[in-house]
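Okay, so here's the structure we're looking at.
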Amino acid sequence: MNETALTAALGEPVTGLERLTGGSSREVWALEAAGRRLILLADPPGERRGGGATFEASVIRAARSAGVAAPEVIAVVPGGLVLQRLDGETVPRRILDGLTTGTAGPRLARQCGDALGRLHTVDPGAVAALPDEDRLVEYRATLDRLDPDRPVLELAYGWLLERRPPRRRTTLTHGDFRLGNFVVDGDGLVGVLDWESAHRGDPLEDLGWIAVRSWRFRGPGVVGGFGDVQDFLDGYRASAGVDVSDADFAWAVVLGTWIWAVGCLQQADRHLSGTTRSIDLALVGRRVVEVEHDLLGLLR
């Protein structure tokens, strides 16, 4: 993607096109157009992440209509999505280091719970072509395909099946709601990013994902490394109008951890198969043993 092509797609002159660091699955570019600071999310050549840019734009618009903090969609362009650029920090360790007051972490936890609660009030039918996913089923199939002979993952899968809560609701879910996909400033949550994994599913998938140990980035808080469970669930209850029991939340954290363990195997397979040759993907694949260790601690 170059400035000429973007100018043609947006219908206004584009300047300052610069690739930014970050973005493990897509290229992230900064640009300016008509005095606005924008972001371009571009799929790697030959790949399309999730349902594509048009799908992701529709998800973001539905989320914003429910009051979820998210960047405004500017345009869908060939191979990518142009969004409003939000001011704030996205690097997890910098966010955690910046929470210097005693109230900052609890406030951010409540804000994240509020944002997720608002998202889960969106009618899934409001998003065209929203996939219907049961991640426990889908990641079981992925595990069988990639590496079925992993005793810890089999043990955790049996635990999840035996204790699975009844599906009480089906909602629009983000699919990757965690630190690393948030923009944060001194007042807390500015916006939620990376909507490419959105789907129709069990809201417990989102609720537990933010508390997976890998997404705490060595922070002390159970929720994202910065907050506790009660503040997070209080914020969720206030906007979703739904109580989440301790048992359901604990199950959700095990589910998220198990999914991430299988996800590590997926990342390695992308590299080893030659689909996306990347040392970063290979390194993530080696972390599966760390996540298995986390699972054993949770099951104990």
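Before moving on, here are some points about what is shown:
- Per-region count, region 50-59, residues surrounded by fewer than 17 Cβ atoms within 10 Å (Cβ to Cβ) and either part of a helix (DSSP H, G or I) or touching a Phe, Trp or Tyr at 6+ places or on another chain (Cβ under 9 Å) (or both): 1
- Scan of region 195-220 for residues that are open to solvent by 10 Å² or more (accessible area, probe 1.4 Å) and not in a loop (DSSP other than H, G, I, E, B), ordered by number: Arg200, Leu204, Glu205, Trp209, Arg213, Ser214, Trp215, Arg216
- Per the listing Asp228, Asp202, the residue uniquely of a type in the set (D, E, K, R), farther than 13 Å from Leu116 by Cα and modelled with pLDDT of 95 or more is Asp228.
- Qualifying residue in region 149-164 (condition: in contact (Cβ under 8 Å) with a residue 60 or more places away in the chain, open to solvent by less than 10 Å² (accessible area, probe 1.4 Å), among the small types (Gly, Ala, Ser) and in a strand (DSSP E or B)): no
- Count of residues meeting criterion [among the aliphatic types (A, V, I, L, M) and closer than 18 Å to Phe217 by Cβ] in region 275-287: 2
- Subset of region 223-240 [part of a helix (DSSP H, G or I) and not small (Gly, Ala, Ser)]: Val229, Gln230, Asp231, Phe232, Leu233, Asp234, Tyr236, Arg237
- Criterion: part of a loop (DSSP other than H, G, I, E, B), among the small types (Gly, Ala, Ser) and within 27 Å of Thr100 (Cβ to Cβ) - qualifying residue of Gly175, Gly191, Gly180: Gly180
- Test for Gly46: is it modelled with pLDDT under 95, under 17 Å from the mean Cα position of the chain (by Cα), part of a loop (DSSP other than H, G, I, E, B) and closer than 30 Å to Arg270 by Cα: no
- Residues of region 272-281 satisfying the condition of being part of a helix (DSSP H, G or I) and either surrounded by fewer than 18 Cβ atoms within 10 Å (Cβ to Cβ) or more than 21 Å from the chain's Cα centre (by Cα) (or both): Leu272, Ile279, Asp280
The values are calculated or read from the model by the stated rules, or taken from the named source; none is laboratory data. Keep in mind the model is a prediction, meaning the values are calculated, not measured. Don't worry about glycine lacking a Cβ; one is built from the backbone with ideal geometry, like all the others, and counts go over all protein chains shown. Heads up: the accessible areas ignore ligands, DNA and RNA and are worked out on the full protein's heavy atoms, side chains in. Shrake-Rupley method; radii C 1.70, N 1.55, O 1.52, S 1.80 Å.
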